[in-house]
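Peer 1: One structure is given below, represented as structure tokens, and several questions about it will come after.
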Amino acid sequence: MEKENFNWKEKYTDKIGTAAEAMKLIKPGNSIFIGTGCAQPQHLVNTMVEFSGHIYDAHIVQLLTIGPAPYSGEKYRERFKMNSFFVADNIRDALNNGIGDYTPIFLSEIPAEFDSGRIPIDVALINVAPPDANGLCSLGVSVDVVKSAVTNARYVIAQANSNMPRTFGDSFIHVNNIDVLVPCDEEIIEIPISAPDDTLRRIGENIARLVEDGSCIECGIGKIPQALAEFLKDKKDLGVHTEMFSDWIIDLIDCGAITCAKKKLNHGKVVASFCMGSKRLYDYINNNPFFEFYPTEYVNDPHLISRHEKMVGINVGLEVDLTGQVCADSLGYQFYSGIGGQIDFIRGCARSRGGKPIIAMPSTAKSGAISRIVPHLTEGAGVVTTRGDVHYVVTEYGIAYLHGKSIRQRAMDLINIAHPKFRKELIQKAKSLNYIYADQIELDSEEVRYPEGLEKTETLKDSTEIFFRPVKPTDERALSEMMYSLSPASIRTRYMTQTMRFPHKDLQKLTNIDYEQNLAIVGTVPRVSGEQIVAIAQYFLDPKTLAAEVAFVVQDEWQQKGMGALLLDYLTQIAKQKGVRNFYAKVLPVNKAMLAVFYNSGYQINTEFDGEVYHISYDLIKEEQ
């Protein structure tokens, strides 16, 4: 145990030097690694630039730095040549002006480049907590590729910073592996996270629907993770295995949502390779054994990721085309960020038992001026997640599950979660590309908005939960599957015929509706590939009389569970709100279950029998008077 009065400066006096003295270790042509993220050793970086008179053609190697990057300035072009694995704000303009290089690479594979010498490291500049009584220095908030860089560097210059949190895991280097210790206390760089807007909150809410109790999550920094955290507070026993995290994690731990109790790997521990956030976060992780930091080659190993059950990876995209190709690192020819760990976690989650790889993004960019869901990626844009790797895409308008689906299904699913003002244009373009049927109905999505407020969950007689929601254009295949699964008896009672075909031209009329004169509510249950439709209730309104014809059909195995009564009751509530005056229906005498649903509805039912069918009608308005 470390003694309270341990004086590391006295014990390791032979290692201590000034930053200016340490810079003499750097020679012309050397490769210099800069510590990552908020652990960037600012004092060392500034001193390197200040005392760079003897340095020429040095190669700066970095993953992601948050603080100032003076070495990327035009005046130092002859002294420093920069190579970054990620394009952050502090170097983006420099790279776009031709100062320095960007290397696209999976984050999990960077350490191997250092180990093999393909990317040599002569000097590593890092930021550490001061050595303890055992001579161990914690890498603190950034272990990631720093550990590998230190291992492979010829010289290690470490800024010993008492403000650096002491973190656990594989996060320590021994003072004997450091060539120069430079005492310098400076605040760890903080990243302010502003409150998410309504769009991002809806994205967070949609993502949360995919996160089950006991899931292990990967989620980084930014407004989307912050928005998601709000909707995870009621989850139970969540685990965390993530490349990085931010302040969002604190409230989820404090409220009991994150326990890591279900993790089979690193049981009971939050695992990450680095974090970025506020001083509150840094204080929270300091000497906190609930957190363990490991190098990137461990945290981002797709095989290791896949060993977590129900692994949910949340990553962001810049745009996605109608076939499912995701661009996440560039805006056309302009490099904007990097590949990072997106594919590491997309592939790891895909192989996890019950895993869910998610790409999340707002549906528009530039204040709503352009759609992020596009017929084709912008010229020059790079594909980070291929159409073969993509699974879930989430916007504020919903969730599209693409894996294993045809181009037509993908296009329709993505159009359905695009901003409504771009959907008609996207449908027309998809038709011209032969991605979808030429006769696909084109509704004016600006006027026809999906009524999210009509979604609700009910419980059937056998305690099964059923999700009721308005039908969507993307329900065509699921509705077709349900219709063709109906028994001859169910087809007879619903359509009053012995056989029935359900071709595209007819089904799309049921799924592309205006939600006003025509409304359909489907009952769904979850399945591996998305939702399964097990029932549909519809009304067709005559705007002149305000009377609506009502029709129901429930899949055979879901009958006799109270589904029809729940659907009729819910459809009636909606109709009343929309000013519908009357309901009417045709029911065969043999359909006693449907007759019972009407008679038990609580309304005064009028019945006429024409010798073949019962004509049911009742007044909705009188019941409220």
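Peer 1: Name every residue in segment 355-392 that is β-branched (Val, Ile, Thr), part of a loop (DSSP other than H, G, I, E, B) and buried (at least 20 other Cβ atoms within 10 Å of the Cβ), in order of residue number. Walk me through it before giving the result.
Peer 2: Pass one, segment 355-392, residues β-branched (Val, Ile, Thr): 358-359, 364, 370, 373-374, 378, 383-386, 390.
Now narrow it down to the ones that are part of a loop (DSSP other than H, G, I, E, B): 378, 383-384, 386, 390.
Across segment 355-392, the qualifying residues are Val384, Val390.
Peer 1: Go through segment 130-162 and report how many residues are outside any loop (DSSP other than H, G, I, E, B) and not aromatic (Phe, Trp, Tyr).
Peer 2: Adding up the residues that qualify gives 16.
Peer 1: On to the next question. Here are Ser463, Ser445: which of them is of a type in the set (Gly, Ala, Ser) and assigned by TED's automatic domain parsing to the domain that holds Val534? Don't jump to the end; show me each part of the working.
Peer 2: Values: Ser445 fails: assigned by TED's automatic domain parsing to the domain that holds Val534.
Answer to the selection: Ser463.
Peer 1: Going by the structure shown, is Asn206 touching a Gly at 6+ places or on another chain (Cβ under 7 Å), assigned by TED's automatic domain parsing to the domain that holds Leu265 and either within 19 Å of Tyr282 (Cα to Cα) or polar (S, T, N, Q) (or both)?
Peer 2: Values: touching a Gly at 6+ places or on another chain (Cβ under 7 Å): yes; assigned by TED's automatic domain parsing to the domain that holds Leu265: yes; either within 19 Å of Tyr282 (Cα to Cα) or polar (S, T, N, Q) (or both): yes.
Spelling it out, Asn206 is indeed touching a Gly at 6+ places or on another chain (Cβ under 7 Å), assigned by TED's automatic domain parsing to the domain that holds Leu265 and either within 19 Å of Tyr282 (Cα to Cα) or polar (S, T, N, Q) (or both).
Peer 1: Looking only at segment 100-110, decide whether some residue is aromatic (Phe, Trp, Tyr), under 36 Å from the mean Cα position of the chain (by Cα) and surrounded by fewer than 24 Cβ atoms within 10 Å (Cβ to Cβ). I'd like the intermediate steps shown before the answer.
Peer 2: Taking segment 100-110 first, the residues aromatic (Phe, Trp, Tyr) are 102, 106.
Still in the list and also under 36 Å from the mean Cα position of the chain (by Cα): 102, 106.
Within this subset, residues satisfying the condition of being surrounded by fewer than 24 Cβ atoms within 10 Å (Cβ to Cβ) are 102, 106.
Within segment 100-110, one or more residues are aromatic (Phe, Trp, Tyr), under 36 Å from the mean Cα position of the chain (by Cα) and surrounded by fewer than 24 Cβ atoms within 10 Å (Cβ to Cβ).
Peer 1: Hey, among Thr13, Thr36, which residue is among the hydroxyl-bearing types (Ser, Thr, Tyr) and more than 30 Å from Met244 (Cα to Cα)? Can you show your working first?
Peer 2: Details: Thr36 fails: more than 30 Å from Met244 (Cα to Cα).
Only one candidate passes the filter, namely Thr13.
Peer 1: Identify, from the list Ala160, Ala124, the residue that is in contact with a Pro (Cβ under 8 Å, 6 or more places away or on another chain), closer than 19 Å to Asn46 by Cα and modelled with pLDDT of 95 or more.
Peer 2: Working: Ala124 fails: in contact with a Pro (Cβ under 8 Å, 6 or more places away or on another chain).
When all the criteria are applied, what remains is Ala160.
Peer 1: May I ask you to list the residues in segment 602-625 that are over 26 Å from Thr497 (Cβ atoms) and of a type in the set (S, T, N, Q)?
Peer 2: Result: Gln604, Gln625.
Peer 1: Right, here's the next one. Among the residues in segment 484-503, are any within 28 Å of Ile417 (Cα to Cα), in contact (Cβ under 8 Å) with a residue 12 or more places away in the chain, of a type in the set (Lys, Arg) and not assigned by TED's automatic domain parsing to the domain that holds Ser406?
Peer 2: No, there is no match, as no residue in segment 484-503 is within 28 Å of Ile417 (Cα to Cα), in contact (Cβ under 8 Å) with a residue 12 or more places away in the chain, of a type in the set (Lys, Arg) and not assigned by TED's automatic domain parsing to the domain that holds Ser406.
Peer 1: Quick one: is Thr474 in the same structural domain as Gln555 (by TED's automatic domain parsing) and touching a helix residue (DSSP H, G or I) at 6+ places or on another chain (Cβ under 7 Å)?
Peer 2: Numbers: in the same structural domain as Gln555 (by TED's automatic domain parsing): yes; touching a helix residue (DSSP H, G or I) at 6+ places or on another chain (Cβ under 7 Å): yes.
Criteria met by Thr474.
Peer 1: So for segment 292-309 (the condition being part of a strand (DSSP E or B), modelled with pLDDT of 95 or more, buried (at least 24 other Cβ atoms within 10 Å of the Cβ) and assigned by TED's automatic domain parsing to the domain that holds Gly214), does at least one residue qualify?
Peer 2: yes
The values are calculated or read from the model by the stated rules, or taken from the named source; none is laboratory data. Since the model is a prediction, treat every value here as computed from it, not as a measurement. All Cβ positions, glycine included, derive from the backbone under ideal geometry; neighbour counts span all protein chains shown.
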